[in-house]
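Since the structure comes first, as structure tokens, the remarks are kept for the end.
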Amino acid sequence: MRTRWASLLVFWLVVAGWAPGQEPAAPVEPSPGLAAWFRADFMRLDLDSNTIVARGGVQVRWQGNWLRCDEAVIWGAMTEVDESQTVEQRLETRELYADGNVILARGELVRTIQASSVYIDPVHDRALALDVGLTLRSETRNGMVDLVARARELRQRDRRLFETLDVFFTTNPFVDPGYRIETDRLGIQVDPPGQDPRGLPGETITNVRYELDSSVFFLGDLPIMAAPALAGNTAEDFQYWIIKRVGFDHSSKFGPSGFLDIGTDIEFEPGKKWGDWTLHGQYLGDRGPGVGLDLRYRTEDYRGTFVSFYQRDRGRDRIFPGPSDNDRERVTWRHRHQLPEDIQLDLEVSHISDRGFLPEYYEGEFKSGKEQETLLYLKRSMENRTATLLASTRINEFLDQVEHQPRLGYDLVSEPLVDLGPLTLYYDADFEVSRARRRFDDDTGVPDQDAFRVDLDNRFGLPFFAGPIKVEPFGGFRYSYYSNGRLVDESFDRIGTLYGVRATTQLHRSFDASGGLFELDGLRHIIMPEVEYFAVDQVSHDPSDFPSFDAIDAFSEFEVVRFGLRNRLQTIWHDRANPRVVDVVDLDVEWTLFLDPDRDNFGEAAGNLDVDLLLRFSPRVTLLTDFEYSFRLDELEIFNTTLGVSLPPDLFFALGYRRYVGVNDAVLFQAQWKVSERLTLLFQTGYDFHENDLQDQRLVFRRFGVDWVFEVEISHDDGDSFGAGISFSPRGLFDPRVRARSLRYEPRLAEFGQDLLRR
């Protein structure tokens, strides 16, 4: 269900509350009135004027509508009257005037419509209400929210035409809303039900046309944005609310700052979201103003992201010297398209103004994001074959990158060549033709390296089973052609042979076990050992003879034996009554033995012992560990471990340790505590023993309101930058696409029939 803008939701449902459920047939003769039922504590009948004056607990029902008030005057057609029935009466009503604590209800979503006074002409579908207010529940992308509207006057001019005066609406049910929209006039025209463009044939939807005059958006009592005139219709124009986030912060890196993010969803077809856009605006006290536009989109055939930002910067960077130009920017576009015939197209463009822009303004992306590239990549997969085309260029002069102009590739995997009795000979091949150029950072002064290169990597395998063990001897050769070398301008032909044998198997056994530390319900142990001998020999040229573009150029002689052993313990968990098979223990160990250690591993025969361990003690407690032990250094070269604990429903924390010899030796802690349904605390800290310094620290106070998220953040990073920020993110509001469109409505006259004007 698509969300609707608050005002249109409210008043469309007002229409649903007052209008009959079906289109009336063409009238032949004037109707004396509609069948109604009413009761009251006291009533007085006037047979001459066919009126009833009722007081105290007045209730009236007609055609699915229900009204309650303190006092009422009912004009109806009554042919028989039993004066003894002064509490309850059935009649045909033509007009109704209700006063005092009026409550009108109809439908499931609109439970109550409140007003001080109401006049209703049900025969002609006209009405007038004063001091109108209502609250209803509506589904949005953030869940169910309360929609609240207040209006000085609401007029129903015919069955499908409405007008409200001096109206405001919000999603906050409290007296003083956090934000609201006020408008002088709102006109509404409800079209007859039509085919729902998002639904199945026969499913209908009601379109509402609207017109607003002099609308103002308020945050508290502060006017934020004005719109002199808006018009549109719900079937085409409704999207999500434009304000996404607003806030203020202060940091030693940027100084006092403010920011505002706005955006909506994008729909090119009714009911089908294509993407969304976000416009970022900020002012950094020590730097200057900045603005950027982000775009995300996704369909069945393609998806992509567009990120752009401009910053006027008069400050100084922490890591790299600041650029000579104060105008700094980035533009990044990444697109993936699935074409017919199983062809994949990737397009990337990334322009960065200077080397310090990403680490200063996009630190997370700089540390762990994708490389900033400009390329075109085509791939077609056909069963066990893949053809590729890559064309790339470097547009950021401070990056060290390889350009391919272009690179053509063809990969073949496990192609059966010939049957040799009960065995089958398989063939694997990687073929590539490329024009490559290595471009170094312009500031280093290192000249570019380029070459035309052809590479063919062939491998033949003959697998067979020796009992439960799968054995696969293999052999092949690699040929490469270079148009020139690294230091000499002459072509080279490089060839080398490769051979080896691999043995693998899988053993498993099940046990009848239950309970215990891992909450077992049965236990299955799987063992997967692997041994491989692999050698590259008779390579005609050393890697130093060629330009260095990628791993192909590093092809050289080596001889190793690789050992691997993986153990998995599986059981069944009945988490939330849904049984599932899980690995409670997953231990993977790998080790490499170098047979020519002086040539291949700095004189050490034993390579690093690589261990990965996963322990799931329960659905709420998980331990992840990976480390590498170096026999050459006689110590743990790399060690990472993290313990994650979830204590439903309120607390989650993770404690970790990270070590890399000579780089870092740090302990990390993160926690999230749901104090209540509306309050969440997040905390992150760490300490690096190698640097004797605190790591990035972050404390976030997040308060969830009915229609907003309020967030306070205090942070301190390892660069000694301190920051404090406040942000506000609306929830549940909506935004129409602005466009010029007239709406037919009658002149603003109190034209509700002679009966009303006469009184």
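Just so it is clear, none of the values below were taken in a lab; they were calculated from the coordinates. The structure displayed is predicted, hence computed values, not measured ones. Cβ placement follows ideal geometry from the backbone for every residue including glycine, while neighbour counts extend to all protein chains displayed.
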Between the alpha-carbon centers of the stretch 342-375 and the stretch 543-622, tell me the distance in whole angstrom.
29 Å
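ILE572: net charge of surrounding residues, Cβ under 9 Å, Lys/Arg +1, Asp/Glu -1, itself excluded? Display every interim value, and only then the final one.
On the way: positive: ARG580; negative: ASP521.
With Lys, Arg at +1 and Asp, Glu at -1, the neighbours total 0.
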Cα-based Rg (one decimal) and Dmax (whole number) for the stretch 518-603, in Å?
21.5, 64
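Beyond 14 Å, how much of the Cα-Cα pair distribution for the stretch 579-650 remains, as a whole percent?
Values: 1739 of 2556 pairs.
Of all Cα-Cα pairs in the stretch 579-650, 68 percent lie more than 14 Å apart.
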Between ASP346 and MET528, with labels modelled 7 Å along Cα→Cβ, what's the label distance in nm to one decimal, could you check?
2.5 nm
Cα Rg, Dmax (largest Cα-Cα span) when computed across the stretch 237-349, Å:
17.9, 54
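Just want the ordering: VAL536, VAL167, VAL667, from fewest to most Cβ atoms lying within 10 Å of their own Cβ.
Details: VAL536 18, VAL167 23, VAL667 15.
Going from sparsest to densest Cβ surroundings: VAL667, VAL536, VAL167.
Which entries in LYS272/LYS367; LYS370/LYS674; LYS244/LYS272; LYS273/LYS370; LYS244/LYS674 show an alpha-carbon gap greater than 30 Å? Please report the intermediate quantities before stating the final value.
Working: LYS272/LYS367 36 Å; LYS370/LYS674 33 Å; LYS244/LYS272 21 Å; LYS273/LYS370 27 Å; LYS244/LYS674 23 Å.
As for pairs spanning more than 30 Å Cα to Cα, those are LYS272/LYS367; LYS370/LYS674.
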Taking neighbour counts of Cβ atoms within 10 Å as a proxy for exposure, in what order, fewest first, do ASP493, ASP346 appear?
ASP493, ASP346
Simple spin-label model, 7 Å along Cα-to-Cβ: LEU694 to THR51 in nm?
7.7 nm
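Order of 629-637, 151-159 by packing, highest average Cβ count within 10 Å first? Each step should come with its number before you reach the end.
Values: 629-637: 13.9, 151-159: 20.0.
Going from most to least packed, we get 151-159, 629-637.
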Protection proxy ranking, peptides 35-44, 349-358, average beta carbon neighbours within 10 Å, highest first
349-358, 35-44
If you take the square roots of the eigenvalues of the alpha-carbon gyration tensor of the stretch 339-461 and sort them as a ≥ b ≥ c, do you get rounded (a/c under 1.5), prolate (a/b over b/c) or oblate?
prolate
Modelled FRET efficiency - R0 51 Å, ARG303 with PHE465, Cβ distances, 0.05 increments:
0.70
Which of the peptides 581-591, 462-472 is most tightly packed, and how do the rest follow, going by the mean number of other Cβ atoms within 10 Å of each residue?
581-591, 462-472
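Got the relative contact order for the stretch 422-560 handy, in percent, Cα pairs under 8 Å and 6 or more residues apart? Each step should come with its number before you reach the end.
Working: 299 pairs, mean separation 26.6, N = 139.
Over the stretch 422-560, the number comes to 19 percent.
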Starting from the exponent 0.38 and prefactor 2.2 Å, build the expected Rg for the stretch 333-392 from its residue count and divide its actual Cα Rg by it.
1.45
